Amino acid sequence: MSDILAYSQLGGAQNTTVVPLQESLEIALTNLQGEIDATGALVNYGLLPPVKADRSLMTLVFQNLISNALKFRRAGEPPHVQIECRRTQGEWIVSCADNGQGFEPQYGEQIFLPFKRLHGAEMAGSGIGLATCKRIAERLGGRIWAEAMPGKGATFYFTLPDH
């Protein structure tokens with residue numbers, strides 16, 4: 001229920017300042033440490049840039065993406081998550097790739113809708129995590145999308161303006 005409340009309260013990006021994106025990622029990893037240990041997950045990442053954003057909102061984005069990678073892992077295989085960032089014309093593109101279950105490409109847009117759950121009630125969660133990520137990315141002037149194949153994992157991308 002707190003996920004739904006947090007989603008409904010996401011307004012404009014009022015607390016944006018230049019923050020080290022890496023700090024948001026490291027806070028998210030600390031928050032997820034129990035799940036990471038329990039699943040035997042390996043999370044790799046390189047240096048991430050400072051960006052104009054809200055630290056807590058960026059932490060929430062990383063936390064939701066990594067949590068999904070842990071939740072939707074392939075049976076019998078520890079999750080592996082790779083987070084990277086590259087600069088393009090006027091924006092940063094952050095990717096979060098996993099070796100999990102993946103999904104059919106035709107669901108690539110639907111998964112960002114509130115309460116849209118590809119796995120129905122068989123998986124725990126509110127169905128609001130990716131919708132929250134989308135709302136945050138858009139409020140910060142970016143966008144989010146995903147590419148995946150069943151059984152091959154998924155890669156989630158989000159952009160942030162390069163101010």
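A short reminder: the numbers here are calculations on the coordinates, not readings from a lab. Small disclaimer: the values here were computed from a predicted structure and weren't measured. Heads up, the Cβs are rebuilt from the backbone with ideal geometry, glycines too, and the neighbour counts pull from every protein chain shown.
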### Query
Which whole-Hz couplings ³J(HN,Hα) result when phi for each residue of region 75-86 is put into the Karplus expression 6.51 cos²θ - 1.76 cosθ + 1.60, θ = phi - 60°, listed in order with x for Gly and Pro?
4, x, 10, x, x, 10, 10, 10, 10, 9, 9, 9
### Query
What FRET efficiency would be calculated for the residue pair Asn31, Gln106, taking the C-beta separation as r and a Förster radius of 25 Å, to the nearest 0.05?
0.20
### region 64-104 - Kirkwood radius from inverse mean 1/r over Cα pairs (Å)
11.3 Å
### Task
Give a residue-ordered list of calculated ³J(HN,Hα) values for region 18-35 (Karplus: 6.51 cos²θ - 1.76 cosθ + 1.60, θ = phi - 60°; whole Hz; x for Gly, Pro).
7, 10, x, 4, 4, 5, 4, 4, 5, 5, 4, 5, 4, 4, 9, 3, x, 5
### Query
Where does each of Ser56, Ser95 land when they are ranked from fewest to most other beta-carbon atoms within 10 angstrom?
Ser56, Ser95
